[in-house]
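Got a structure for you, questions after.
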Amino acid sequence: MTASHLLVPVPIPDRVAALIGSCIPPHILEAEFEADCAAREVRRFRGPRLADEDQADREQALAELARANKILSAHHPRLAVGPRSFA
């Protein structure tokens with residue numbers, strides 16, 4: 001039995017990624033891309049005191065992340081992306 005935190009991420013070849021992508025519906029791929037972008041945007045706005053514009057941008061990114069996650073979770077519950085899903 002292996003612990004998931006000990007697994008090393010292995011890059012996959014572009015052809016394999018394209019094959020996997022061709023099996024997934026386009027709206028799911030688009031939602032995954034939007035969720036990843038929104039999660040990065042949320043992580044940009046960290047800190048105890050944010051300016052009003054930054055707080056509004058963070059809230060907008062959280063809304064986009066929630067919208068994309070709703071689509072991803074409807075397809076498969078484990079596809080949802082969290083704001084801290086990747087480093």
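The values are calculated or read from the model by the stated rules, or taken from the named source; none is laboratory data. All values derive from a computational prediction rather than experimental measurement. As a convention, Cβ positions derive from the backbone with ideal geometry for all residues, glycine included, and neighbour counts pool all protein chains shown. With ligands, DNA and RNA removed, areas are computed over all heavy atoms of the protein, side chains included. Shrake-Rupley method; radii C 1.70, N 1.55, O 1.52, S 1.80 Å.
Does Ile20 meet the test of being at pLDDT 90 or above and of a type in the set (Val, Ile, Thr)?
For Ile20, the condition - at pLDDT 90 or above and of a type in the set (Val, Ile, Thr) - is not met.
Could you check the stretch 1-42 and list, in sequence order, the residues that are farther than 22 Å from His76 by Cα and open to solvent by 70 Å² or more (accessible area, probe 1.4 Å)? I'd like the intermediate steps shown before the answer.
Restricting attention to the stretch 1-42, the residues satisfying the condition of being farther than 22 Å from His76 by Cα are 1-3, 5-8, 10-11, 13-15, 41-42.
Within the stretch 1-42, Met1, Thr2, His5, Leu6, Leu7, Val8, Val10, Pro11, Pro13, Asp14, Arg15 meet the criteria.
Output the number of residues of the stretch 68-83 satisfying the condition of being touching a residue at least 24 places away in the same chain (Cβ under 8 Å) and either under 10 Å from Glu34 (Cβ atoms) or of a type outside the set (A, V, I, L, M, F, W, C) (or both). Quick ask: steps written out before the conclusion?
Of the stretch 68-83, the ones touching a residue at least 24 places away in the same chain (Cβ under 8 Å) are 68-69, 71-72, 75, 79-83.
Filter once more, so that each one left must be either under 10 Å from Glu34 (Cβ atoms) or of a type outside the set (A, V, I, L, M, F, W, C) (or both): 68-69, 71-72, 75, 81-83.
The total comes to 8.
Further question on the same structure: Show the residue pairs meeting these rules: Cβ distance below 7 Å; 6+ apart or different chains; first residue within the stretch 49-67 and open to solvent by 60 Å² or more (accessible area, probe 1.4 Å); second residue at pLDDT below 90.
Within 7 Å, the pairs are Asp57/Phe45; Arg58/Val42; Arg58/Phe45; Arg58/Leu50.
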